[in-house]
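Since every read-out is calculated from the coordinates, none of them should be taken as a lab result. Note that the structure is predicted; figures quoted are calculated from it, not measured. Positions of Cβ are backbone-derived with ideal geometry, glycine not excepted, and every protein chain shown enters the neighbour counts.
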Amino acid sequence: QLSQTRDELRKSQDSLRSIMNKGAASGADGIQRLLRQYTDENRNLDIVKAYHGTLIENIE
């Protein structure tokens with residue numbers, strides 16, 4: 001179940017990247033790396049908790 005959900009998420013992210021320009025995709029990747037780094041280093045957790053994703057990820 002979890003593996004299937006991860007695969008679906010990965011496919012959706014790939015689909016989204018295919019319609020984004022390179023700069024926007026690079027920026028989104030950079031934000032994700034920074035959030036992972038903050039989480040791993042246990043710092044700026046208020047920023048990590050306050051981040052709710054990109055605008056497109058928040059539209060249902």
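How big, on average over all directions, is the shadow cast by the Cα convex hull of the chain, in nm²?
Here the figure is 5.1 nm², rounded to one decimal.
Of H52, S26, S12, which is farthest along the charge dipole of the chain in the positive direction, counting Lys and Arg as +1 and Asp and Glu as -1 at C-beta?
Selected residue: S26.
Magnitude of the Cβ-charge dipole of the chain, K/R +1 and D/E -1, about the Cα centre, nearest 20 debye?
With Lys and Arg at +1 and Asp and Glu at -1, about 160 debye.
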